[in-house]
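Here the structure is laid out as structure tokens; the discussion comes afterwards.
The values are calculated or read from the model by the stated rules, or taken from the named source; none is laboratory data. None of the values given here were measured: they were computed from a predicted structure. Here Cβ is always computed from backbone atoms with ideal geometry, including for glycine, and neighbour counts include all displayed protein chains. In case anyone asks, the SASA skips ligands and DNA or RNA and just uses the protein heavy atoms, side chains included. Shrake-Rupley method; radii C 1.70, N 1.55, O 1.52, S 1.80 Å.
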Amino acid sequence: MAMYWCTEALPLAVTSLLPVVLFPFLGVLSSSKVCPQYFLDTNFLFLSGLIMASAIEEWNLHRRIALKILLITGVQPARLILGMMLTTAFLSMWLSNTASTAMMLPIVNALLLSLFGNKEASKEPGQLSEVTSDEPNQNKICSVSSEIQQLSLEETTFLNGRPDAANKKKEGEYQKRVWKGFLIAVPYAASIGGTATLTGTAPNLILIGQLKSVFPGCDVVNFGSWFLFACPLMLLFLILGWLWIALFHGCFTLRVRKKKVEEEAESRVKLVIQEDYKRLGPMQFAEGAVAFFFLHVCCPPFHKRS
């Protein structure tokens, strides 16, 4: 370490944390004796979650997980919300709520832009062609025009070529409700998913830290016992939250047969997701290493007593 300090072969921050990794690994000192020399072990849990979130975001592992779940759940608005909530809740179980939300919101925003297009373009129907032709398709999953706007515009057009203003206004209000539903689903899922594990959110870490300080010999509350208690409740509230968001924001439909415009829009959105998933390419070594360590973070706490 003295060589690292002098030569700065590694950043000083990384060099300072090497004893946390090397001492327990080489059998010099246990982690319970090394970590308090820096700060509380609960703070180390929170720090490890932030480091893992940074690595996952750097190599787009969260994007691969999210797109794969979206391909499985489907492309209907209610199913898309369910897929985003499941992904966010799973990430939030092991990472902080803030990091999970920050990673998932860009994906949601890209999906909404591909699904509905630019919201500014839907304000005035007469300017739709000008906005879509002048502005480049940025911040989207891929270069896809506003499918639902164009298709609904064709569907609600009279013989003289003018769109029905009432139907256009109704369609705009529906799109706004669905847009809000997608955006609030991510932080809701992050808050709900974080309750399933001790490392999912900061209040859980504060709780276990206070229990250890007030009751040093108490080992009833550990990672496994907390997970068995909180995970079923998390799944229940996640389903209830999804139903509430989907019903309140009009993402469910009672029609047995879909309109042709809806089927074409959903098929194009599915194509958008598939193309973006293919664009990720095969998993690289760095991404696979991050996935391995992420699974390693998820599994060992269940085998540890405290």
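Is it true that some residue in segment 181-200 is surrounded by fewer than 21 Cβ atoms within 10 Å (Cβ to Cβ), under 30 Å from L271 (Cα atoms), modelled with pLDDT of 75 or more and β-branched (V, I, T)? Yes, segment 181-200 contains at least one residue that is surrounded by fewer than 21 Cβ atoms within 10 Å (Cβ to Cβ), under 30 Å from L271 (Cα atoms), modelled with pLDDT of 75 or more and β-branched (V, I, T).
Taking segment 209-219 on its own, how many of its residues are at pLDDT 80 or above and either surrounded by 11 or more Cβ atoms within 10 Å (Cβ to Cβ) or not in a helix (DSSP H, G or I) (or both)? Final tally of qualifying residues: 3. Figure legend. Inter-residue proximity from segment 3-18: first residues on the phi < 0 side of the Ramachandran plot, second residues modelled with pLDDT of 85 or more and of a type in the set (S, T, N, Q), beta-carbon distance below 8 Å, spacing 6+ or different chains. Indicated pairs: Y4/T15; W5/T15.
Results for (1) at pLDDT 90 or above; (2) touching a Gly at 6+ places or on another chain (Cβ under 9 Å); (3) acidic (D, E); (4) part of a helix (DSSP H, G or I), shown as yes or no for each residue.
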site	(1), (2), (3), (4)
V221	no, no, no, no
W226	no, no, no, yes
P232	yes, no, no, yes
A246	no, yes, no, yes
L254	no, no, no, no
D276	no, no, yes, yes
A291	no, no, no, yes
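Before we move on, is L80 closer than 25 Å to Q175 by Cα and either touching a helix residue (DSSP H, G or I) at 6+ places or on another chain (Cβ under 7 Å) or open to solvent by less than 30 Å² (accessible area, probe 1.4 Å) (or both)? Taking the combined requirement at face value, the residue satisfies it.
Consider segment 293-305 and keep the residues that are open to solvent by 90 Å² or more (accessible area, probe 1.4 Å) and part of a loop (DSSP other than H, G, I, E, B). The one that is modelled with the lowest pLDDT is R305.
Note on segment 54-86: residues that are closer than 23 Å to Q284 by Cβ, of a type in the set (S, T, N, Q) and in a helix (DSSP H, G or I) amount to 1. Taken over segment 64-77, residues that are surrounded by 22 or more Cβ atoms within 10 Å (Cβ to Cβ) and either aromatic (F, W, Y) or within 14 Å of L91 (Cα to Cα) (or both) amount to 2.
Take the conditions open to solvent by less than 40 Å² (accessible area, probe 1.4 Å), modelled with pLDDT of 90 or more and closer than 26 Å to R177 by Cβ and apply them to M103. Does it pass?
Answer is no for this residue.
If you filter segment 14-53 down to residues that are open to solvent by less than 70 Å² (accessible area, probe 1.4 Å), assigned to a helix (DSSP H, G or I) and of a type in the set (G, A, S), you find that the one that is nearest to G194 (Cα to Cα) is G49. Output yes when any residue across segment 259-270 is at pLDDT 80 or above and among the aliphatic types (A, V, I, L, M), and no when none is. Within segment 259-270, not a single residue is at pLDDT 80 or above and among the aliphatic types (A, V, I, L, M).
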